[in-house]
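Enquirer: What follows is a single structure, and I will ask about it in a moment.
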Amino acid sequence: MVNPTDRLARFLGTLMIAGSLAGVLLSLAAVVIMVCLGAGDYPGLEFMVGFGILLLGVTPVIMLVAFFVRAVQERRWDTVLAASGLFAVLALGLFKVLG
Amino acid sequence: MAPVDLLLVASGGLLAGLVGALMGVGGGIVAVPFLNLVVGVPIHSAAAAGLISTLSVSCGAAGRYLRRGGLVDIHTALHLEVSAAAGGLFGGIAVGWLRGPVVQILFAVTLVYACVHIVRSALRPGGGSTPGAVSPARTLVAFGLCLAAGVLSGLLGIGGGIVVVPVLHLVLGLPFKSATATSNFMMGLTAVPALCGFVSRGDLDLFTAAPLAAGVLLGASIGARIMPRVKTPVLKMGFALLLAAAAFEMARKGIGTW
């Protein structure tokens, strides 16, 4: 029998593979189309490249959120604390990008 | 970007992913020197692209390990990752304070360390871990080394597995396969804050990063499939020589443009 934590890990594993593949393929497809079209401005395609890379970057963060929620439900406060520390570092990084 | 450049970057990524998977190192250690020395991408942009490829490989590999179950020590990873991510954020910001030649020389030193790491793993596969209770002193050492690995990752655009895997295996006593899987899981979470510094300076060239990441992801997947059929000790020695040559060239370029 699969326990809930294992099920979550399997689901997140699938999510990470899907997120990385989708992000990389989306951005690559947009770059290839732009190269084929030649010189010019393609805001839609440029957005696609950025969105693909953003998807790739967000994938591990989604996984972290899921583990955080699971740790709260299981009252594993040391893991909650560690994940909160990671969120603080990520928030500082986001602040750096936006600031 | 011209079609030839796109193909060159993607094939470089493919090579980096393939070799990285066969040698047990991340793609960044090959991809960053390739971009800088062969394609001529400035070192800061090459490092940012290296982090994107690290992110894609980490997500793909950690996803597979999570689905298989029992290999990733999530508890240890999340605790150590706090220091690794903080190091990554600092490294990604600090690299902006350093001139290109300084980063190139730092990278050359890291390549020499990677050479030694690969030669040692070829001569003594697996190494010797120390299972059992982990003392507070060892835990502190692990945190310190993960912080250093994070800084290195942020500075040079590599995954930091060459530091994190030995820490997990030798210092914390995790089995080698579990150490590799846990390190892969951690790399992605280190790369995200490290990238923030590069993005804020505008060093991330998406049009270089996208084909590189796709190439590395495909190469790593092929490498993982053919690894059982390849005689790795001989290959590792050859790869160590290649890395030594790249280290020499990078140091020469760095000193030349000082």
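Enquirer: State whether the residues of the stretch A:12-31 include one that is within 7 Å of chain B (Cβ to nearest Cβ), more than 15 Å from the chain's Cα centre (by Cα) and either of a type in the set (Asp, Glu) or assigned to a helix (DSSP H, G or I) (or both).
Expert: yes
Enquirer: Next up: Which condition does B:VAL164 not pass, out of (1) farther than 21 Å from A:LEU90 by Cα; (2) away from every other protein chain (no Cβ under 14 Å); (3) modelled with pLDDT of 85 or more, if it passes all the others?
Expert: Result: B:VAL164 fails condition (1) only.
Enquirer: Quick check on my filter: what residues within the stretch A:38-52 are within 11 Å of another protein chain (Cβ to nearest Cβ), farther than 16 Å from B:LEU212 by Cβ and assigned to a helix (DSSP H, G or I)?
Expert: Step one: of the stretch A:38-52, the residues within 11 Å of another protein chain (Cβ to nearest Cβ) are A:38-39, A:45-52.
With the extra rule that they be farther than 16 Å from B:LEU212 by Cβ, the set shrinks to A:38-39, A:45-48, A:51.
Result: A:LEU45, A:GLU46, A:PHE47, A:MET48, A:PHE51.
Enquirer: Here's another thing I want to ask about it. Out of all the residues in the stretch B:122-142, is one or more within 13 Å of chain A (Cβ to nearest Cβ) and surrounded by fewer than 22 Cβ atoms within 10 Å (Cβ to Cβ)? Give the steps one after another, and end with the answer.
Expert: Our first condition is that a residue be within 13 Å of chain A (Cβ to nearest Cβ); within the stretch B:122-142, this holds for B:139.
Next, only the ones that are surrounded by fewer than 22 Cβ atoms within 10 Å (Cβ to Cβ) stay: B:139.
Within the stretch B:122-142, one or more residues are within 13 Å of chain A (Cβ to nearest Cβ) and surrounded by fewer than 22 Cβ atoms within 10 Å (Cβ to Cβ).
Enquirer: Please verify whether B:LEU51 is more than 18 Å from the chain's Cα centre (by Cα), buried (at least 24 other Cβ atoms within 10 Å of the Cβ) and of a type in the set (A, V, I, L, M, F, W, C), treating the condition exactly as stated.
Expert: no
Enquirer: I would also like to ask the following. Being over 21 Å from B:GLY70 (Cα atoms), touching a residue at least 40 places away in the same chain (Cβ under 8 Å) and among the charged types (D, E, K, R) is true for just one of B:ARG201, B:ARG120, B:ARG124. Which residue is that? Outline the logic, then answer.
Expert: Details: B:ARG120 fails: touching a residue at least 40 places away in the same chain (Cβ under 8 Å); B:ARG124 fails: touching a residue at least 40 places away in the same chain (Cβ under 8 Å).
Of the residues listed, the single one that is over 21 Å from B:GLY70 (Cα atoms), touching a residue at least 40 places away in the same chain (Cβ under 8 Å) and among the charged types (D, E, K, R) is B:ARG201.
Enquirer: Take B:VAL199 and tell me if it is within 14 Å of chain A (Cβ to nearest Cβ), of a type outside the set (D, E, K, R) and either surrounded by fewer than 24 Cβ atoms within 10 Å (Cβ to Cβ) or not in a helix (DSSP H, G or I) (or both).
Expert: Values: within 14 Å of chain A (Cβ to nearest Cβ): yes; of a type outside the set (D, E, K, R): yes; either surrounded by fewer than 24 Cβ atoms within 10 Å (Cβ to Cβ) or not in a helix (DSSP H, G or I) (or both): yes.
Yes, satisfied.
Matching residues to (1) closer than 27 Å to B:LEU6 by Cα; (2) among the β-branched types (Val, Ile, Thr); (3) over 12 Å from the mean Cα position of the chain (by Cα):
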residue	(1), (2), (3)
B:SER153	yes, no, no
B:GLY159	yes, no, no
B:PRO166	no, no, yes
B:GLY197	yes, no, yes
B:ASP203	yes, no, yes
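Enquirer: Can you tell me which residue in the stretch A:75-99 is surrounded by the most Cβ atoms within 10 Å (Cβ to Cβ), limited to those that are in contact (Cβ under 8 Å) with a residue 12 or more places away in the chain and more than 8 Å from every other protein chain (Cβ to nearest Cβ)?
Expert: So in the stretch A:75-99, the residues in contact (Cβ under 8 Å) with a residue 12 or more places away in the chain come out as A:79-80, A:83-84, A:86-87, A:90.
Subset that is more than 8 Å from every other protein chain (Cβ to nearest Cβ): A:80, A:84, A:87.
Numbers: A:VAL80: 18, A:SER84: 13, A:PHE87: 16.
The qualifying residue surrounded by the most Cβ atoms within 10 Å (Cβ to Cβ) is A:VAL80.
Enquirer: While we're here: Listed residues B:ALA85, B:ALA94; which is more than 16 Å from the chain's Cα centre (by Cα), within 14 Å of chain A (Cβ to nearest Cβ) and at pLDDT 90 or above? I'd like the intermediate steps shown before the answer.
Expert: Values: B:ALA85 fails: more than 16 Å from the chain's Cα centre (by Cα).
Answer to the selection: B:ALA94.
Enquirer: Moving on. Out of all the residues in the stretch A:53-63, which are surrounded by fewer than 19 Cβ atoms within 10 Å (Cβ to Cβ) and either within 7 Å of chain B (Cβ to nearest Cβ) or more than 14 Å from the chain's Cα centre (by Cα) (or both)?
Expert: Result: A:VAL61, single match.
Enquirer: Right, something else. Could you please find all residues in the stretch B:33-54 being at pLDDT 90 or above and within 10 Å of chain A (Cβ to nearest Cβ)?
Expert: Matches in the stretch B:33-54: B:LEU51, B:ILE52.
Enquirer: Regarding B:ALA191, is this residue within 23 Å of A:LEU90 (Cβ to Cβ), in contact with a Ser or Thr (Cβ under 6 Å, 6 or more places away or on another chain) and within 11 Å of another protein chain (Cβ to nearest Cβ)? Write out each step before concluding.
Expert: Numbers: within 23 Å of A:LEU90 (Cβ to Cβ): yes; in contact with a Ser or Thr (Cβ under 6 Å, 6 or more places away or on another chain): yes; within 11 Å of another protein chain (Cβ to nearest Cβ): yes.
Answer is yes for this residue.
Enquirer: Next up: What number of residues within the stretch B:61-76 satisfy the criterion of being surrounded by fewer than 24 Cβ atoms within 10 Å (Cβ to Cβ) and either more than 8 Å from chain A (Cβ to nearest Cβ) or assigned to a helix (DSSP H, G or I) (or both)?
Expert: 10
Enquirer: Do we have B:GLY219 as more than 17 Å from the chain's Cα centre (by Cα) and touching a residue at least 60 places away in the same chain (Cβ under 8 Å) here?
Expert: Details: more than 17 Å from the chain's Cα centre (by Cα): no; touching a residue at least 60 places away in the same chain (Cβ under 8 Å): yes.
Criteria not met by B:GLY219.
The values are calculated or read from the model by the stated rules, or taken from the named source; none is laboratory data. Given the structure is predicted, the values throughout are model-derived calculations rather than measurements. In this analysis, Cβ positions are derived from the backbone assuming ideal geometry, glycine residues included, and neighbour counts consider all displayed protein chains.
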